[in-house]
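Undergrad: Okay, handing you the structure first.
The values are calculated or read from the model by the stated rules, or taken from the named source; none is laboratory data. Here the structure is a predicted model, which is why all the values come from computation and not from measurement. Methodologically, a virtual Cβ is constructed for each residue, glycine included, from the backbone with ideal geometry; neighbour enumeration extends over all protein chains shown. Areas reflect the complete protein model, heavy atoms only, side chains present, ligands, DNA and RNA absent. Shrake-Rupley method; radii C 1.70, N 1.55, O 1.52, S 1.80 Å.
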Amino acid sequence: MANQSKIIWLLSSNGHHLKCHVNTEEPLTALLKQKYAQAFGVSSESLTLILDGEKIQEEDTFDSLGMVDYDIVDVLEGTWCTNTMKT
């Protein structure tokens, strides 16, 4: 699939939500963490991104994860998150 712009929703358990435009072939993690951190004033290092119960890895892209437009990514805040999730 050619590199296209798609929309992803970021949702956290504390009620934050953010609509993000992403390119389908570019890694998601750094971009999404940066956008979320800037929007809500948190540290990007304290964030974990989850799609369908699995942690999104640094190299994962919209296409490699088989995502669709308007997919929802869960955001976990706090360093404790990285110790409890499957890698």
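Undergrad: Quick check: at a probe of 1.4 Å, how many percent of the accessible area of region 5-77 sits on carbon and sulfur atoms? Before the final figure, lay out the partial values.
TA: Values: 1850 of 3790 Å².
Exposed carbon and sulfur together represent 49 percent of the surface.
Undergrad: Sticking with this structure for a sec: For region 1-42, what is the relative contact order in percent, using Cα pairs closer than 8 Å and at least 6 residues apart in sequence? Walk me through the intermediate numbers first.
TA: Numbers: 42 pairs, mean separation 14.4, N = 42.
That works out to 34 percent.
Undergrad: Right, another one. Which whole-number percent gives the relative contact order of the chain, counting Cα pairs below 8 Å spaced six or more residues apart?
TA: The value is 35 percent.
Undergrad: Per DSSP H run of at least 4 residues, take -39500 (n - 2.57); add these up for the chain, divide by its residues and hand me the 222 nm value, nearest 500 deg cm²/dmol.
TA: Counting only the DSSP helices, I get -5000 deg cm²/dmol.
Undergrad: Separate question: To test your reading of the geometry: what angle, between 0 and 90 degrees and rounded to tens, separates the Cα axis of helix 29-40 from the longest principal axis of the chain?
TA: 60 degrees
Undergrad: Where does each of 20-30, 3-13 land if you order them by average Cβ count within 10 Å, highest first?
TA: Highest mean packing first, the order is 20-30, 3-13.
Undergrad: Set the Förster distance to 25 Å, then compute FRET efficiency between Phe40 and Lys6 from the Cβ-Cβ distance, nearest 0.05.
TA: 0.70
Undergrad: So how strong a dipole does the chain carry about its Cα centre when Lys and Arg Cβ are +1 and Asp and Glu Cβ are -1, to the nearest 20 debye?
TA: 300 debye
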